[in-house]
Structures are given as structure tokens and as C-alpha cells.
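S.K.: This is the structure, below, for whatever I ask next.
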Amino acid sequence: MIDIHSHLLPGVDDGSQSVEVSVDVLKRFGADGVGVVVCTPHLKASRAAAAPYARHREILDMLRSAAPEPPRLELGWEIMLDQPGVDLTPRQLSLGGSTAVLVEFPHTGVPARATDELARIRSRGSVPVLAHPERYWGCTLAHVRDWRFAGTVIQLDGEALRTGGRMTRFALQLLDEGLVDCIASDNHGDVRTLATSRAWLREIGAEHQAELLTDINPRRLLASQVLLPVPPLPPSATRIGRRALRRIRQLLSLA
């Protein structure tokens, strides 16, 4: 598995606050079968020109020396689009030196000109990867279709599949419509793991989707390759999946 969105670079944002915490998570990831993890600390687009890339490389090297391999660690950012028109083409802003840049919207919801900004980023040669669309107030299936048509990759947070409520309902709709390109953990030094999403997809009979969402497409993204289409979930998967999610939540509560 390839996890393209995590906050395991210690002490730089609201994620892991120590090397020890990050190492514990990475050991668990390795045991789960995660082969690559991209550390993506928060960054505002308005501060992109001053991104502390060199300092973060030093911290990443320190973490690499302390953590077992696998997983292999790469560096990226989760860039909040708080200001339109910012140049995000420098490779030091990308996911692991690829053409992909992980972006998110401000917490106020979907910006008025979101599609235009994502299309602008794509037109400059970068591939925008939109993090967790299920979180944004006002986000609709029509929005996501427009963003994908504009060249945006859609990244679902695996946590949305187990929490219940509005986010889970919308996450399932996105998967049912084949509008998700990859899934990530968005781990902040906690128990979240990509393995949970993969196990759920396999349990509902979506083995092919599981491979595409957690391995093949993230791998292709980091290699700057075109992603493969992910088919909608199998018939009746939502009903079956809810039972599977209840079982996974029970297992996690015992962990």
C-alpha cells in the first residue's frame, strides 16, 4: 500500500509531536503492509514561497534514521488554497518530487471559484490532488465531477468510511459513483491506517477497487503517471459495507 497523506513529520504541525510517536505509527504501518508513506505537513498557499523545505528535509532524514523500512518515507505538503494564483510548480512543493501537489480547501467550505483554481494549477503542469472532499461543507457530486474533469485527482480519507454521519454517507456516494482516485490515512500520530480501508473494500467484494485505491493509483501518482479509472463499488456494496464497517469499528475499539 502507498499512503500519500500523513502528518508524521514530528513537531511541525498538528500531527505527531515526537519521533517516538511517528516511529510507533510507522512500525504499525509496516506490519499492515504499507510500503511508502508521504509526510505532508500543513502549508498555506500564501506561504508557499517561504516553505521550510530544507528544515523539513533534515527532520525527514532524522525520522528515516530512527524508523524501520518499510515503509519508505517521502516528503510533500498539504497545501491549503487560501490564496488563488500561487505558483505551486516547484518540485519541492510536490508529493515526493512528482508532478502531483496535495491541496485542500479552507475550512469555510468549497470556495466560489474552486474549479477555476484547480484547473489553473493543472494548466501549469502540476496535478492537483484534492484531499478529503467529503469534509467540505457544500461539496456535491457535481462539484467533484467538475474537478475531475478539470484534471484533479480525488483523495478520500479512509477515516470517513468508519465515522458514520454525513461524511460517511458522502464518501460512500463518491465511491458508488467511481469518483475517488485514491484513499489515504491522513494519520496525525494516531490509530488511523490505510489497512482498515483496504480490509473493508475486500470484505465487500471490491478487491480490484482496493488495489487501485490503496496501491496502484498512489504508486502511479508518485511516478507522475496517468491514474487508472476506479470502477464503482459492486452492487449492494453499500448495504454490505455498512455491516463490514460496524465490524471494523468494533475491532478498532478493542485495539
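The values are calculated or read from the model by the stated rules, or taken from the named source; none is laboratory data. Because the structure is predicted, anything quoted here is derived from the model rather than measured. Every residue, glycine among them, receives a Cβ derived from its backbone with ideal geometry; neighbour counts consider all protein chains shown. Remember, those area values only see protein heavy atoms, side chains included, never the ligands or the DNA or RNA. Shrake-Rupley method; radii C 1.70, N 1.55, O 1.52, S 1.80 Å.
Conditions (1) at pLDDT below 95; (2) surrounded by fewer than 19 Cβ atoms within 10 Å (Cβ to Cβ); (3) within 25 Å of Ser197 (Cα to Cα); (4) not polar (S, T, N, Q), marked per residue:
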{"site": "Lys27", "(1), (2), (3), (4)": "no, yes, yes, yes"}
{"site": "Gly35", "(1), (2), (3), (4)": "no, yes, yes, yes"}
{"site": "Lys44", "(1), (2), (3), (4)": "no, yes, no, yes"}
{"site": "Ala67", "(1), (2), (3), (4)": "no, no, yes, yes"}
{"site": "Leu75", "(1), (2), (3), (4)": "no, no, yes, yes"}
{"site": "Glu104", "(1), (2), (3), (4)": "no, no, yes, yes"}
{"site": "Arg113", "(1), (2), (3), (4)": "no, yes, no, yes"}
{"site": "Ser123", "(1), (2), (3), (4)": "no, yes, no, no"}
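S.K.: State yes or no: is Asp176 among the acidic types (Asp, Glu), over 23 Å from Ile204 (Cβ atoms) and open to solvent by 10 Å² or more (accessible area, probe 1.4 Å)?
M.R.: no
S.K.: How about the stretch 25-51: which of its residues are of a type outside the set (Lys, Arg), in contact with a strand residue (DSSP E or B) (Cβ under 9 Å, 6 or more places away or on another chain) and not in a helix (DSSP H, G or I)?
M.R.: Across the stretch 25-51, the qualifying residues are Val34, Gly35, Val36, Val37, Val38, Cys39, Thr40, Pro41, His42, Leu43, Ala51.
S.K.: From the residues in the stretch 198-214 that are touching a residue at least 40 places away in the same chain (Cβ under 8 Å) and over 12 Å from the mean Cα position of the chain (by Cα), which one is surrounded by the most Cβ atoms within 10 Å (Cβ to Cβ)?
M.R.: Arg198
S.K.: Looking at the stretch 89-102, which of the residues that are surrounded by fewer than 21 Cβ atoms within 10 Å (Cβ to Cβ) and without any contact (Cβ under 8 Å) to a residue 60 or more places away in the chain is nearest to Ile2 (Cα to Cα)?
M.R.: Gly97
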